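These notes are about the structure you will find just below.
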Amino acid sequence: MDKRKTIMILGGTGEARQLAGRLVALGHDVTSSLAGRTAAPMLPPGTVRIGGFGGAEGLAAFLREGGFTLLIDATHPFAARMSANAVAASAAAGVPLIRIERPGWTPPAGAAWIEVDGMAQAAAALPEGARVLLTIGRQEIGAFAGRTDCTFVARMIDMPPEVPAGWEILSARGPFSVAEEMALMKAQAITHLVSKNSGGDQAAAKLEAAMALGVTVVMVRRPALPAAESVASVDEVLGRF
Ligand code: NAP
């Protein structure tokens, strides 16, 4: 290990928590940043700050004022605004940036799998009468509210402010096993699973369950991000120290 670094991790993911723990154990001064979206977030080791920075300029000022020597973007692949702000703030503050970009999921051979570019397209891809398991979080469920011809079971950590009429909300935090995912899909007679292409192992059980049960996967492609120095895993970040 070279000298002690003052590191800002943009977090909100299991990888970010794992990375914070390992960097703290190596003796680095680590601050993790969370957006404040979940009511009771799982907190990583080290210092934690919660809430937005006020755009890229706010993050750049925070990095400068805190004397940070490294910025690590370990946010979820769909946190596109935060990742774009990280690129701009890194340049403005002169603090090097590493992004963890976990590989996306690809369809197994023979899978019933439809790729779409956003939630509106995902909603449009559902056939009439579909029984849908939605695993897209809380913020974008409104895109499906007009599909009153389908039945929705939506899983998310915290309850949404408004529940569309007739929907069932499952308030739960993963990871889930393949057996648990299969039991849920069977109990709800699910025909379609809607998922973001988050990638990684933590949420992959639902895809295996869908495949085993012949449930069609509607997979939302990742948003494009501005270029940054990227690695695929926590281990790869640690390999740089
Ligand atoms: P986003 O749309 O890219 O970001 C919107 C704004 O929220 C950002 O401009 C920033 O506000 C603030 N923000 C986002 N992440 C932040 C962080 N780690 N620390 C401080 N401020 C943050 O983000 P999002 O998709 O809503 O995701 C929010 C958080 O949830 C992230 O930490 C992400 O890792 C986690 N998460 C997201 C998803 C998902 O599907 N999107 C899934 C699992 C976990 P300012 O401009 O004011 O700085």
Query raised in the report: Could you give every pair whose Cβ atoms fall below 6 Å, whose first residue belongs to the stretch 181-206 and is more than 17 Å from Ala111 (Cβ to Cβ), and whose second residue is among the basic types (Lys, Arg), counting only separations of at least 6 or pairs across chains?
Result: Ala189/Arg131; Gly200/Arg102
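For the stretch 88-106, give me each residue that is among the polar types (S, T, N, Q) and either touching a residue at least 40 places away in the same chain (Cβ under 8 Å) or surrounded by 18 or more Cβ atoms within 10 Å (Cβ to Cβ) (or both).
As a first pass, look at the stretch 88-106 and keep what is among the polar types (S, T, N, Q): 90, 106.
The one that is among the polar types (S, T, N, Q) and either touching a residue at least 40 places away in the same chain (Cβ under 8 Å) or surrounded by 18 or more Cβ atoms within 10 Å (Cβ to Cβ) (or both): Ser90.
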Query - Among residues of the stretch 210-241, those that are closer than 23 Å to Thr69 by Cα, in contact with a Leu (Cβ under 8 Å, 6 or more places away or on another chain) and part of a loop (DSSP other than H, G, I, E, B), counted - result: 3
Report summary line: Selection from the stretch 165-207 of residues surrounded by fewer than 17 Cβ atoms within 10 Å (Cβ to Cβ), at pLDDT 95 or above and of a type in the set (Lys, Arg) yields Lys186
Query - Matching entry among Gly51, Gly46, Gly118 (being outside the structural domain of Gly200 (by TED's automatic domain parsing), loosely packed, with under 15 Cβ neighbours inside 10 Å and either closer than 29 Å to Ala25 by Cβ or touching a residue at least 24 places away in the same chain (Cβ under 8 Å) (or both)) - result: Gly51
Query - the stretch 21-41, residues that are under 22 Å from Gly137 (Cβ atoms), more than 10 Å from the ligand (Cβ to nearest atom) and without any contact (Cβ under 8 Å) to a residue 40 or more places away in the chain - result: Ala40
Requested in this report: Run down Arg138, Arg49, Arg147 and say which single residue is under 30 Å from Ile169 (Cα atoms) and part of a strand (DSSP E or B).
Outcome: Arg49
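Give the residue that is farthest from Asn85 (Cα to Cα), with candidates limited to residues of the stretch 211-230 that are away from the ligand (no atom under 16 Å from the Cβ) and touching a residue at least 60 places away in the same chain (Cβ under 8 Å). Spell out how you get there, then give the answer.
Restricting attention to the stretch 211-230, the residues satisfying the condition of being away from the ligand (no atom under 16 Å from the Cβ) are 211-217, 227, 229.
Then drop every residue that is not touching a residue at least 60 places away in the same chain (Cβ under 8 Å), which leaves 211, 214-217, 227, 229.
Numbers: Met211: 37, Gly214: 40, Val215: 37, Thr216: 35, Val217: 31, Ala227: 12, Glu229: 14 Å.
Across the stretch 211-230, the extreme among qualifying residues is Gly214.
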Query raised in the report: Across the stretch 64-92, what is the number of residues that are more than 9 Å from the ligand (Cβ to nearest atom), farther than 22 Å from Gly239 by Cβ and in contact with a strand residue (DSSP E or B) (Cβ under 6 Å, 6 or more places away or on another chain)?
Result: 1
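The values are calculated or read from the model by the stated rules, or taken from the named source; none is laboratory data. Computed from a predicted model, the values in this text were never measured in an experiment. Virtual Cβ from ideal backbone geometry, glycine too; neighbours counted across all protein chains shown.
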